[in-house]
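**Student:** Below is the structure I would like to discuss, written out as structure tokens.
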Amino acid sequence: MNKNPISILMYHSIDYEPKGSVLRGLSVPKNLFYMQLFVLKLFGFKGLSMSELIPYLEGKKTGKVFGITFDDGYLNNLENALPVLKKLNFSATCYLVSGNIGGTNHWYAKKGVLEKKLMDQTD
């Protein structure tokens, strides 16, 4: 087992949220997302998906790596995060809401949040 901790960055929405929005703390604007990952790349780190991170977590590989995950499967992950990941040659894991593929984040509706589209099987 790897004795060196490996950080895993967890994101939700890669999009701008207005002040006062319940989702503001769960959203990162695309330019800030790029800056966060770019700085890590400048320091020699490589962002990996969870499957690519396994050998590092098991201690079979070493290197300056970190994990990147996205919760909920927002379509904006595909539209806004994927180009950044490609540009920096990073990868990530996206966790989808299993019963809601192609739907929206309706679970925030009671909090007055505008619904955001989730990825579907064709995305």
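**Student:** Mind listing the phi-derived Karplus ³J(HN,Hα) values for the range 30-37, rounded to whole Hz, using 6.51, -1.76 and 1.60 with θ = phi - 60°, and x for any glycine or proline?
**Tutor:** Result, rounded to whole Hz: 4, 5, 6, 4, 4, 4, 4, 6.
**Student:** Here's another thing I want to ask about it. Magnitude of the Cβ-charge dipole of the chain, K/R +1 and D/E -1, about the Cα centre, nearest 20 debye?
**Tutor:** Roughly 480 debye for the chain.
**Student:** Here's something else I'd like to know. Roughly to the nearest percent, how much of the accessible area of the range 1-63 is carbon and sulfur, given a 1.4 Å probe?
**Tutor:** Reported share for carbon and sulfur atoms: 62 percent.
**Student:** Within the range 74-118, what residues put their amide N at less than 20 Å from the label point 7 Å along the Cα-to-Cβ vector of residue 61?
**Tutor:** 85-95
**Student:** Then there is this: Here are a few candidate values for Cα Rg over 2.2 N^0.38 Å: (1) 1.04; (2) 0.95; (3) 1.13. Which one was actually calculated from the structure I just gave you?
**Tutor:** Computing Cα Rg over 2.2 N^0.38 Å and matching it to (1) 1.04; (2) 0.95; (3) 1.13 gives (3).
**Student:** Using unit Cβ charges (K, R positive; D, E negative) and no other charged atoms, how large, in debye to the nearest 20, is the dipole of the range 67-123 about its Cα centre?
**Tutor:** Approximately 160 debye in magnitude.
**Student:** Something else: Please go through the range 21-123 and write out the trypsin sites (Lys or Arg not before Pro) that DSSP classes as loop and that have at most 13 other C-beta atoms within 10 Å.
**Tutor:** Passing sites in the range 21-123 are 60, 61, 64.
**Student:** May I ask you to derive the relative contact order of the range 5-92, considering only C-alpha pairs under 8 Å and at least 6 residues apart, and to give it as an integer percent?
**Tutor:** 39 percent
**Student:** Which whole-number value in Å² is the accessible area per residue of the range 24-123, probe 1.4 Å?
**Tutor:** I get 59 Å² per residue for this part.
**Student:** So, one more: Quick one: which residues, 5+ away or cross-chain, put their amide H under 5 Å from the amide H of residue 16? H built at 1.01 Å from N.
**Tutor:** HN-HN under 5 Å from residue 16: 30.
**Student:** Give the long-range amide H neighbours of residue 104: residues separated by 5 or more places, or on another chain, with amide H under 5 Å away, using H modelled in the peptide plane at 1.01 Å from N.
**Tutor:** For residue 104, whose amide H was placed from the backbone, the distant partners under 5 Å are 118.
**Student:** Moving on to the next point. Dipole of the chain (Lys/Arg Cβ +1, Asp/Glu Cβ -1, origin at the Cα centre): which of 29, 97, 75 lies farthest to the positive side?
**Tutor:** Result: 29.
**Student:** Quick check for you: which residues of the range 52-96 have the amide N under 16 Å from the point 7 Å beyond the Cα of residue 8 toward its beta carbon?
**Tutor:** The answer is 52-59, 65-73, 91-96, whose backbone nitrogens lie closer than 16 Å to the label point.
The values are calculated or read from the model by the stated rules, or taken from the named source; none is laboratory data. Quick caveat: nothing in here was measured; it's all calculated off a predicted structure. In this analysis, Cβ positions are derived from the backbone assuming ideal geometry, glycine residues included, and neighbour counts consider all displayed protein chains. Just so you know, the surface numbers come from the protein's heavy atoms only, side chains and all, with ligands and any DNA or RNA stripped out. Shrake-Rupley method; radii C 1.70, N 1.55, O 1.52, S 1.80 Å.
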